[in-house]
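Encoded as structure tokens, the structure appears first; notes follow it.
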Amino acid sequence: MNPADDLVQANTLEALYPLLAKRAIGAGWNKPEPAMWPTPKQLFVPYAWRYADALAAFQAAGPLISPAQAERRNLILYNPIPGNTYATLRTLVVAYQAILPGETARSHRHTPNALRLVLDSGNGAYTTVDGMRLPMREGDVLLTPNWRWHGHGHDGDRPSVWVDYLDVPLVQLLEPIFFETHPDWIETAQTTGRDSPLVFAWRDTEQRLAAVRPDARGVRRVALGDPAMPTIGLHMWQLDRGTQTQSQKDTTNNIYTVLHGEGHSVIDGQRFAWQRGDVIAAPAWREHLHVAKTDAVLFRVTDEPVMQTLGLVRHAP
Ligand code: GTQ
Ligand code: FE2
């Protein structure tokens, strides 16, 4: 008897399906769920997180948990959809992180790319990346790409808080997650500097913004890097008070962090008021725009480079 005889002899589809299932085969015409749909599902929802909440939580958590115990004292901004406790959007995760004077967050490295936007530096916070100590000042953006050693420390006199952005959800999906801790608790710095391709100092970004010609709506935009990392694009947008950005609906995922000013965003019809330090998530295929109530600066973090590389950028008609 041929091992496939049972299949040959099935004389109804209903009889065939369980015989196929024993072999881990599914009939394509009888899928339990469709594999494709006309347009993106919009699984992730628009959301905004308040910096004031993070500061209050850090005030509480500061004495209760140290970076030495926790690896990092961070607050993960997860998208509030069923079953999710981690990703902010499909490809990206965002967290607030705080370090207190005298603390160190040990050096480690991982395959996911990471970067930080400094909100409050407390003058004296630093990140050591591959042996170089990089001071963290307000508005600075610091990159820690794939597999670079990085650890944080603080020699200043008040807490330092920044926002972390990582492509962990994307790398999890692709599988190649690797992580290791440094043999010395915190990597010793060989050099100190600001002149690193891994740092976009606010002082430079501010000058670039002032020099750039605004678009028709009065928005000045500069890109940090080209792109900053293979999976993450970074942009600084400066809006004069009263400015409304062009509405955008495309396949890229976007996180906006308020570096200066106040205003609101409208994402898929929902209004989110914001002020300095707040984080706003605009998921793929959700129409959105921003309105500045005062002069404002928004930091846009996007997976656009992934979509570009893969030929998946699409704009709504
Ligand atoms: O500072 O190295 O928020 O590895 C999450 C993972 C921060 C970091 C996060 C990390 C870091
Ligand atoms: Fe890290």
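One table, with the values for the structure above:
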item: For T91: the one exception among (1) more than 17 Å from the chain's Cα centre (by Cα); (2) more than 11 Å from ligand 1 (Cβ to nearest atom); result: (1)
item: Counted residues, segment 134-143 - those being more than 16 Å from ligand 2 (Cβ to nearest atom) and more than 19 Å from the chain's Cα centre (by Cα); result: 2
item: Search result, residues across segment 106-138 that are farther than 22 Å from Y51 by Cβ and assigned to a loop (DSSP other than H, G, I, E, B); result: T111, P112, N113, D130, G131
item: Residues of segment 18-60 satisfying the condition of being open to solvent by less than 40 Å² (accessible area, probe 1.4 Å) and either in contact with a helix residue (DSSP H, G or I) (Cβ under 9 Å, 6 or more places away or on another chain) or among the β-branched types (V, I, T) (or both); result: L19, L20, A27
item: Tabulated pairs, segment 236-262, first closer than 19 Å to R286 by Cα, second modelled with pLDDT under 95 and of a type outside the set (A, V, I, L, M), C-beta under 6 angstrom, 6+ apart or interchain; result: none
item: Those strands (runs of 3 or more DSSP E) lying entirely in segment 159-247 with at least 1 residues open to solvent by less than 50 Å² (accessible area, probe 1.4 Å) and more than 16 Å from ligand 2 (Cβ to nearest atom); result: 160-166, 219-229, 232-239
item: Any hit, segment 103-124, residues being away from ligand 1 (no atom under 12 Å from the Cβ) and of a type in the set (K, R); result: no
item: From R286, R300, residue being in contact (Cβ under 8 Å) with a residue 60 or more places away in the chain, part of a loop (DSSP other than H, G, I, E, B) and buried (at least 19 other Cβ atoms within 10 Å of the Cβ); result: R286
item: Leading residue by the ranking (least open to solvent (accessible area, probe 1.4 Å)) among those in segment 63-83 that are more than 12 Å from ligand 1 (Cβ to nearest atom) and in contact (Cβ under 8 Å) with a residue 24 or more places away in the chain; result: N79
item: Counted residues, segment 101-124 - those being more than 15 Å from ligand 2 (Cβ to nearest atom), open to solvent by less than 10 Å² (accessible area, probe 1.4 Å) and over 19 Å from the mean Cα position of the chain (by Cα); result: 2
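Yes/no per residue for (1) in contact with a Phe, Trp or Tyr (Cβ under 9 Å, 6 or more places away or on another chain); (2) under 29 Å from G311 (Cβ atoms); (3) among the aromatic types (F, W, Y):
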| site | (1), (2), (3) |
| --- | --- |
| W202 | no, no, yes |
| L234 | yes, yes, no |
| Q246 | no, yes, no |
| N253 | yes, yes, no |
| W274 | yes, no, yes |
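The values are calculated or read from the model by the stated rules, or taken from the named source; none is laboratory data. Just so we're clear, the structure is a prediction, and the values are computed from it rather than from any experiment. Ideal geometry is used to build each Cβ from the backbone, glycine not excepted, and the neighbour counts take in all protein chains shown. SASA here: full protein model, heavy atoms, side chains in, ligands and nucleic acids out. Shrake-Rupley method; radii C 1.70, N 1.55, O 1.52, S 1.80 Å.
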